[in-house]
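Structure, as C-alpha cells:
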Amino acid sequence: RTVYLNGEYVPENEAQVSIFDRGFLMADGVYEVTSVLGGKLIDFAGHAKRLERSLGELDIQKPAAFDDLLDIHRELVTRNDITDGMIYLQITRGAPDDRDFVYPDPETTKPTVVLFTQNKPGLADSPAAKVGIKVISIEDQRWARRDIKTVQLLYPSMAKMAAKAAGKDDAWMVEDGMVTEGSSNNAYIVKGNTIITRHLGNEILHGITRAAVLRFAREAQMTVEERSFTIAEAQEADEAFITSASTFVMPVVEIDDKQIGDGKPGSIAPRLREIYLDESRKVAI
Ligand code: PMP
C-alpha cells in the first residue's frame, strides 16, 4: 500500500512518525473514516466539515494540507486501486522535542497528517446486513466530549471485546440508563413509522451517516424523534439498527439476548440502507 504522510506518498513500511508524537503519547489527535464505493468517496464534504470542527475544539491548527484533502483521498484511491473500501485519515498535534502536558508552540510543532486506505471488496454487500447483528449493552465509560472524534479509542475497543467475549457483534453503550451510541456507530430503534435516535450533544459523535439517514427518512415520510431511549424500550421496539460510514445502515436483531421483533431485519432498516446507498452513490465524488 501507498500511504500519505506529511505531504508525501510513501510505501507503508517506509512511513515513520516520531515517538514524541502527541498522538502516540497522549492520544492527542483526531480522525475520520470515509467510505469508497465504486472508486468514489461517500459524503467527503461531511467528513471534512466534522474534521475541521474536531480540530477547532482541540485547538489543533489546521494543517497546510487541509485544503488538499480531497485530492489526497482521490490520489490514494487511484494509487491503491480501491474500488470499495475505506480511507482512514488522522491528524495529531505533532511531535515536539520532549513529552510535556502543555501544548507545543504551533509555530514550531506542526500537525502530523496520515492517510491510508483499506481495501474492502463488496463493502456494500455485507452478508451481515442480510441477517442483522447482535449487540450487548455496556456502561458508557468514555470521556465526556464524545462529539470530538479523537483517536482515544481504548474504551470502545474494550466494549467491542466484551461483545466478542459474549459471542455477539457489538456493544451499545448506556449512560444514566439511556443508550448513547454503539462502540463505533450511532444507535436507533423503530416503532411503527417512527425512527428514534439519541439527540445530538456532547454525549455522542455526530455521525455523518446519521445526518444523511435522518434526512432520507424524513424525505420518505417517516417520523424522526431525536431523543434518548433505554435498553428496555429498544428490546420492545419493532426494529433496531446502527449507522456508520463503514457499515452504512445495519439492522440489529438482538439486544442483550432478547430478540427484536421476529429476530430478522424488519422492513424499515433495510429500506433505509437501500435509500442511503442509492442516494449516496449518486452524489459520491
Ligand atoms: N459514533 C461513534 C462513537 C463512532 O466511532 C462512529 C464512527 N466513526 C459513529 C458514531 C458514526 O459516525 P459516522 O456515521 O460519521 O461514521
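The values are calculated or read from the model by the stated rules, or taken from the named source; none is laboratory data. The shown structure was predicted, so the numbers you read here are calculated from the model rather than taken from an experiment. FYI the Cβ positions are ideal-geometry reconstructions off the backbone, even for glycines, and counts take in every protein chain you see.
Which numbered condition trips up Val224, out of (1) in contact with a Leu (Cβ under 6 Å, 6 or more places away or on another chain); (2) under 24 Å from Ser35 (Cα atoms)?
(2) is the only condition that Val224 fails.
Do we have Arg145 as among the basic types (Lys, Arg), touching a helix residue (DSSP H, G or I) at 6+ places or on another chain (Cβ under 9 Å) and more than 16 Å from the ligand (Cβ to nearest atom) here? Lay out the reasoning, then the answer.
Details: among the basic types (Lys, Arg): yes; touching a helix residue (DSSP H, G or I) at 6+ places or on another chain (Cβ under 9 Å): yes; more than 16 Å from the ligand (Cβ to nearest atom): no.
So Arg145 does not fit the description; no.
Please specify each residue of segment 215-230 satisfying the condition of being of a type outside the set (Phe, Trp, Tyr) and in contact with an Asp or Glu (Cβ under 8 Å, 6 or more places away or on another chain). Outline the logic, then answer.
Here is the first cut: in segment 215-230, the ones of a type outside the set (Phe, Trp, Tyr) are 215, 217-228, 230.
If the condition is that a residue be of a type outside the set (Phe, Trp, Tyr) and in contact with an Asp or Glu (Cβ under 8 Å, 6 or more places away or on another chain), then no residue fits.
Using beta carbons and a limit of 6 Å, which pairs, at least six apart or on different chains, have the first residue in segment 136-156 and among the hydroxyl-bearing types (Ser, Thr, Tyr) and the second one modelled with pLDDT of 95 or more and within 12 Å of the ligand (Cβ to nearest atom)?
If the second residue must be modelled with pLDDT of 95 or more and within 12 Å of the ligand (Cβ to nearest atom), the pairs left are Ser137/Trp172; Thr150/Val30; Tyr155/Arg142.
Take residues that are in contact with an Asp or Glu (Cβ under 8 Å, 6 or more places away or on another chain) and aromatic (Phe, Trp, Tyr) and tell me which of the strands (runs of 3 or more DSSP E) falling wholly in segment 1-85 contain 1 or more. Give the derivation first.
On the way: elements: 2-5, 8-11, 29-37.
Of the strands (runs of 3 or more DSSP E) lying wholly inside segment 1-85, those with at least 1 residues that are in contact with an Asp or Glu (Cβ under 8 Å, 6 or more places away or on another chain) and aromatic (Phe, Trp, Tyr) span 2-5, 8-11.
Condition first: touching a residue at least 60 places away in the same chain (Cβ under 8 Å) and within 12 Å of the ligand (Cβ to nearest atom). Now tell me which residues in segment 54-96 satisfy that.
Taking segment 54-96 as the starting set, the residues that turn out to be touching a residue at least 60 places away in the same chain (Cβ under 8 Å) are 54, 57-58, 70, 72, 75-76, 79-80, 86, 90-96.
Result: Ser54, Met86.
For (1) outside any loop (DSSP other than H, G, I, E, B); (2) within 16 Å of the ligand (Cβ to nearest atom); (3) surrounded by fewer than 22 Cβ atoms within 10 Å (Cβ to Cβ); (4) at pLDDT 95 or above, each residue gets a yes or a no:
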| site | (1), (2), (3), (4) |
| --- | --- |
| Thr209 | yes, yes, no, yes |
| Val213 | yes, yes, no, yes |
| Phe216 | yes, yes, yes, yes |
| Gln221 | no, no, yes, yes |
| Glu225 | yes, no, yes, yes |
| Ala232 | yes, no, yes, yes |
| Ala240 | yes, yes, no, yes |
| Thr243 | yes, yes, no, yes |
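Return only the number of the condition from (1) surrounded by 20 or more Cβ atoms within 10 Å (Cβ to Cβ); (2) over 13 Å from Leu115 (Cα atoms) that Val30 does not satisfy.
Result: Val30 fails condition (2) only.
Just to be sure, is Lys149 closer than 27 Å to Thr230 by Cα and out of contact with any Asp or Glu (no Cβ under 6 Å at 6 or more places or on another chain)? Walk me through how you get there before you give the answer.
Values: closer than 27 Å to Thr230 by Cα: yes; out of contact with any Asp or Glu (no Cβ under 6 Å at 6 or more places or on another chain): yes.
The answer is yes for Lys149.
For residues in segment 118-152 being polar (S, T, N, Q) and in a strand (DSSP E or B), which is surrounded by the fewest Cβ atoms within 10 Å (Cβ to Cβ)? It would help to see each step written out before you state the result.
Here is the first cut: in segment 118-152, the ones polar (S, T, N, Q) are 118-119, 126, 137, 141, 150, 152.
Within this subset, residues satisfying the condition of being in a strand (DSSP E or B) are 118-119, 137, 150.
Working: Gln118: 17, Asn119: 14, Ser137: 19, Thr150: 20.
In this case the residue turns out to be Asn119.
Can you confirm whether segment 105-113 contains a residue that is closer than 19 Å to Tyr31 by Cβ and within 16 Å of the ligand (Cβ to nearest atom)?
no
Determine if segment 269-280 includes at least one residue that is part of a strand (DSSP E or B) and buried (at least 23 other Cβ atoms within 10 Å of the Cβ).
No.
Can you tell which of Ile255, Ile196 is more than 11 Å from the ligand (Cβ to nearest atom), among the β-branched types (Val, Ile, Thr) and over 30 Å from Gln118 (Cβ atoms)? Break it down into steps so the answer makes sense when it comes.
Numbers: Ile255 fails: over 30 Å from Gln118 (Cβ atoms).
That would be Ile196, the only listed residue that is more than 11 Å from the ligand (Cβ to nearest atom), among the β-branched types (Val, Ile, Thr) and over 30 Å from Gln118 (Cβ atoms).
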